[in-house]
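Notes follow once the structure below has been shown.
Read-outs: derived from the displayed coordinates by stated rules, not from any lab. The structure displayed is predicted, hence computed values, not measured ones. Note that each Cβ is placed from the backbone with ideal geometry, even for glycine, and that neighbours are counted across all protein chains shown.
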Amino acid sequence: MAVRDKNITTLQTFGDKCWVVAWTGLTHSTTDSGDPFEMPGAADRSLQVTGTFGSGGTLTFEGSNDGTNWATLTDPQGNGLAVQAAKIEAVLELTRYVRPRITAGDGTTSLTATMLVRRPL
């Protein structure tokens, strides 16, 4: 499994401090995961998944409080964040670490996970 680096951009808007965290080039050929992102103080989180899903391509968004044991996070309706088509979803749970992980797909699967996190000032 390859661990893909994250790219972090800081935004300052409307009195809140926000970050955009992006993991690119997540492929099934190596069952990639993203380098974990730590920010337990974030008030809001949303996840956008884009790219080529291929046959059965799935990006699972996971959280952990110890950095070792990972579980699938959910949207506000309680649905697991196992994304199989381009979309944006809110992330319900607040965990110490988050990461995207490719859990299914084929040789054409190549996805980008982009997360927006907001922390009130």
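See the values below:
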item: Gained length - ASP44 relative to ASP106, 0.36 nm times residue gap less alpha-carbon distance; result: 19.1 nm
item: Computed over the chain: relative contact order in percent, which uses C-alpha pairs under 8 Å that are six or more apart; result: 40
item: Separation of the GLN84 and THR30 label points, Cα + 7 Å toward Cβ, nm; result: 2.7
item: Cα-centred dipole magnitude for region 3-120, charges only on beta-carbon of K, R (+1) and D, E (-1), debye, nearest 20; result: 220
item: Amide H contacts under 5 Å for THR108, placed H, 5+ residues apart; result: SER55
item: Potential extension, SER55-ILE8 segment - 0.36 nm per residue separation minus Cα distance; result: 14.0 nm
item: Span from the region 13-59 Cα centroid across to the region 60-121 one, whole angstrom; result: 7
item: Amide proton proximity set for LYS17, modelled H, under 5 Å, gap of 5+; result: ARG119, LEU121
item: Proportion of all alpha-carbon pairs of the chain beyond 23 Å (%); result: 24
item: ALA71/LEU94 FRET efficiency (R0 22 Å; Cβ-Cβ; nearest 0.05); result: 0.95
item: Positive-end residue of GLN77, PHE61, CYS18, charge dipole of region 3-120 with Cβ unit charges; result: CYS18
item: Rounded to 5, the percent of DSSP beta bridges in region 3-120 classed as antiparallel; result: 95
